[in-house]
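Step one of this worksheet: look at the structure below.
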Amino acid sequence: MLEQNEVMKLAKLSRLSISEEEVPAVKEHLDKMLNHLDALKALDLSHVEPMTAVENGSTILREDVPVQGLSLEQAFANAPATENDHFAIPKVIGG
């Protein structure tokens, strides 16, 4: 279904580095995926109602019980730097 130049273009757009030798294998995988999508498109889903969730029942949740959080010492134990009880990070915006 796909041509070699289309495979190379898709690889470039996906920022994937593939060699000329890998193109046939990648093309085969992509063709299989496209064939699968074509098979899905061919299904008659006109009688299937849209769904809003995978499960019909309600989700079972655990009891919401408050627990003691971390102390500042525990929270900052592996931090490379802290300042005024906050994590210190390098400036990333501006100069």
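The values are calculated or read from the model by the stated rules, or taken from the named source; none is laboratory data. If you're wondering where the values come from, they're calculated on a predicted model, not measured in any experiment. Cβ placement follows ideal geometry from the backbone for every residue including glycine, while neighbour counts extend to all protein chains displayed. Surface areas here come from the heavy atoms of the whole protein model, side chains and all, with no ligands, DNA or RNA. Shrake-Rupley method; radii C 1.70, N 1.55, O 1.52, S 1.80 Å.
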message: Under 6 Å between Cβ atoms, which residue pairs at least 6 apart in sequence (or on different chains) link something in the stretch 2-29 that is at negative phi with a partner that is open to solvent by 60 Å² or more (accessible area, probe 1.4 Å) and part of a helix (DSSP H, G or I)?
response: 23/4
task: Return the residue satisfying two criteria in turn: it lies in the stretch 50-72 and is modelled with pLDDT of 85 or more and small (Gly, Ala, Ser), and of such residues it is farthest from residue 85 (Cα to Cα).
output: 69
query: Limited to the stretch 1-26, what total is found for residues that are part of a loop (DSSP other than H, G, I, E, B) and closer than 19 Å to residue 37 by Cβ?
result: 4
message: I need the full set of residues from the stretch 1-36 which are among the small types (Gly, Ala, Ser) and surrounded by 12 or more Cβ atoms within 10 Å (Cβ to Cβ), in order please.
response: 11
message: Please count how many residues of the stretch 37-95 are outside any loop (DSSP other than H, G, I, E, B), open to solvent by less than 100 Å² (accessible area, probe 1.4 Å) and under 30 Å from residue 1 (Cα atoms).
response: 4
